[in-house]
Ligand SMILES: C[S@@+](CC[C@H](N)C(=O)[O-])C[C@H]1O[C@@H](n2cnc3c(N)ncnc32)[C@H](O)[C@@H]1O
Ligand SMILES: Nc1nc2[nH]cc(C(=O)O)c2c(=O)[nH]1
Ligand code: SF4
Ligand SMILES: [Mg+2]
C-alpha cells in the first residue's frame with residue numbers, strides 16, 4: 001500500500017514570509033506533528049490536538065492533486081513546513097514527485113531530526129530554538145545535519161534562522177552563528193502575541209521589535225554578515241492561518 005503523509009493544511013499561492021527566500025511566490029504543505037513544544041509556537045495547532053480533526057493522511061499523488069487544484073499553473077515552488085516535516089520519512093515520495101514535476105522545494109525545520117530526502121531540497125531552513133522557547137538544542141544533531149548537507153555539496157542550499165525575543169535569545173543566536181560561521185544566518189523577529197486579532201496593533205508591536213533587533217545587530221561586532229527579517233506574512237495578514 002502507498003504510504004501516506006499526515007497533512008494539516010495545503011495553501012497558496014502566497015509568498016514565503018520568512019528567511020532565505022522571503023518574498024518567493026510559493027505554495028505551502030503543512031504536516032501535522034512536532035517533536036518540540038515551543039512556548040510561542042505560531043503553529044501550535046499542528047501538535048496540540050486543537051486541529052486533530054483536520055489532519056488528513058494523504059498520498060504524494062493526492063497532495064499534488066490538491067496543490068494543482070489550488071495553484072494550477074500559477075506556481076513553481078512549494079514550501080513544506082509543520083510541525084516538523086522532518087519527522088516524516090514518507091515525505092520522500094512527495095519530494096521526488098514534485099521534483100519530477102519541475103517544482104523547486106523548500107523545507108522549514110528546527111534541526112532536531114534528519115531524513116535523506118533533505119538532500120533533494122533546494123532551500124533547507126534550519127531554525128534551532130532559543131531559550132525563550134523552553135526547548136533545548138541538541139547541538140550534536142545540528143552538527144550532524146549541517147555536516148551531512150555540507151559534505152554532499154548542499155551548503156548553498158541551507159540557512160540558519162534564529163527567532164529572537166530577548167537578550168538571552170540574542171546571545172544564543174550569536175552562539176549558533178559562531179558555531180556555523182559559513183552558513184547564511186538570519187535573525188527573525190519573534191511574534192509574542194500569536195492570539196492578537198487586531199492586525200494594526202500586532203503590526204505596531206512587531207515593527208517595534210524589528211527596530212530593537214536591528215539596533216542590537218547593528219551594535220554587535222560578531223553579527224556582521226547576517227540578515228535581520230520580520231515575518232512578512234504576519235505584517236501583512238496578522239495571525240491568520242493559511243496565508
Ligand atoms: C511553525 S515553524 C515549523 C517548522 C519547524 N518546526 C521550525 O520550528 O522550524 C516555522 C517557523 O516559524 C517560526 N516561528 C514559530 N513561532 C514563531 C513566533 N511566535 N514568532 C516568530 N517566528 C515563529 C519557527 O521558528 C520556524 O522558523
Ligand atoms: N507566508 C508564509 N510564510 C511562511 N514561512 C514560514 C511559514 C511557516 O509557518 O513555516 C510560513 C507561513 O505560514 N506563511
Ligand atoms: S519546533 Fe516549530 S512547529 Fe514545533 S513547536 Fe517549535 S515552532 Fe512550533
Ligand atoms: Mg508560520
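The values are calculated or read from the model by the stated rules, or taken from the named source; none is laboratory data. Small disclaimer: the values here were computed from a predicted structure and weren't measured. Virtual Cβ from ideal backbone geometry, glycine too; neighbours counted across all protein chains shown.
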Handout entry: Enumeration of residues in the stretch 41-55 that are within 16 Å of ligand 4 (Cβ to nearest atom), in a loop (DSSP other than H, G, I, E, B) and under 20 Å from the mean Cα position of the chain (by Cα)
Key = 41, 42, 43, 47, 48, 51
Exercise for the section: Would you mind finding the one in 19, 72 that is on the phi > 0 side of the Ramachandran plot and within 16 Å of ligand 1 (Cβ to nearest atom)? Expected result: 19
Exercise for the section: Please enumerate the residues belonging to the stretch 24-49 that are more than 13 Å from ligand 3 (Cβ to nearest atom) and touching a helix residue (DSSP H, G or I) at 6+ places or on another chain (Cβ under 7 Å). Expected result: 27, 29
Handout entry: Complete set of residues in the stretch 231-243 that are part of a loop (DSSP other than H, G, I, E, B), in contact with a strand residue (DSSP E or B) (Cβ under 9 Å, 6 or more places away or on another chain) and either modelled with pLDDT under 95 or within 16 Å of ligand 3 (Cβ to nearest atom) (or both)
Key = 231, 241, 242
Handout entry: Qualifying residue in the stretch 193-209 (condition: at pLDDT 95 or above, part of a strand (DSSP E or B), within 16 Å of ligand 2 (Cβ to nearest atom) and surrounded by 20 or more Cβ atoms within 10 Å (Cβ to Cβ))
Key = no
Handout entry: Complete set of residues in the stretch 219-242 that are out of contact with any helix residue (DSSP H, G or I) (no Cβ under 8 Å at 6 or more places or on another chain) and within 16 Å of ligand 2 (Cβ to nearest atom)
Key = 227, 232, 233, 236, 240, 242
Exercise for the section: Search the stretch 73-101 for residues being closer than 21 Å to residue 23 by Cβ and away from ligand 2 (no atom under 15 Å from the Cβ), and hand back the single one that is surrounded by the most Cβ atoms within 10 Å (Cβ to Cβ). Expected result: 98
Problem - Contacts under 6 angstrom Cβ, first residue in the stretch 201-224 being over 13 Å from residue 191 (Cα atoms), partner assigned to a helix (DSSP H, G or I), 6 or more apart - result: 216/170; 222/174; 223/217
